[in-house]
Amino acid sequence: MMTCPKCGATVKQNKIGRTSAGSQRYRCFVCNCKYTPIKKPHGHSQELRRQAIRMYVDGMNLRRIGRHLGLHHQTVAEWVKAHSARLPAAPMPEKVDTAEMDELFTFIEHKKTGSTSSPS
């Protein structure tokens with residue numbers, strides 16, 4: 001027996017079709033309210049989200065994760081972005097004694113020396 005969520009009536013509850021997801025719709029003839037008594041869950045499970053993030057952290061790229069799990073790669077990207085926003089900030093030391101920079105080039109306005117390769 002169906003119960004109207006608006007007025008609580010259990011009489012005069014008629015089926016009026018289905019949603020695009022396939023759930024049965026009802027109409028209460030007492031208050032003329034249309035409702036779906038058992039709604040289907042939306043979205044993906046938390047376990048699937050955790051699995052996608054774990055795969056990303058392990059080095060798999062977004063498109064491959066999407067193909068493997070049957071998701072769109074942008075969905076995976078949004079999950080990774082949301083997860084990274086919840087992470088705590090990386091600890092920063094107050095004083096740095098030694099800093100190493102490898103293969104870092106900075107050009108301001110223009111390159112000071114010409115090309116080292118010979119023209120062909």
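The values are calculated or read from the model by the stated rules, or taken from the named source; none is laboratory data. All values derive from a computational prediction rather than experimental measurement. Don't worry about glycine lacking a Cβ; one is built from the backbone with ideal geometry, like all the others, and counts go over all protein chains shown. Only protein heavy atoms, including side chains, enter the accessible area calculation; ligands, DNA and RNA are left aside. Shrake-Rupley method; radii C 1.70, N 1.55, O 1.52, S 1.80 Å.
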Residue count, segment 11-21, condition without any contact (Cβ under 8 Å) to a residue 12 or more places away in the chain, open to solvent by less than 60 Å² (accessible area, probe 1.4 Å) and assigned to a loop (DSSP other than H, G, I, E, B), comes to 0
*Is it the case that some residue within segment 25-38 is surrounded by 10 or more Cβ atoms within 10 Å (Cβ to Cβ), touching a helix residue (DSSP H, G or I) at 6+ places or on another chain (Cβ under 6 Å), closer than 30 Å to residue 79 by Cα and without any contact (Cβ under 8 Å) to a residue 40 or more places away in the chain?*
no
Q.
Going residue by residue through segment 93-101, is there one that turns out to be open to solvent by 80 Å² or more (accessible area, probe 1.4 Å), in contact with a Cys (Cβ under 7 Å, 6 or more places away or on another chain) and at pLDDT below 95?
A. no
When segment 44-85 is checked residue by residue, the ones that are open to solvent by 60 Å² or more (accessible area, probe 1.4 Å) and either among the polar types (S, T, N, Q) or under 30 Å from residue 8 (Cβ atoms) (or both) are 45, 46, 51, 61, 74, 84
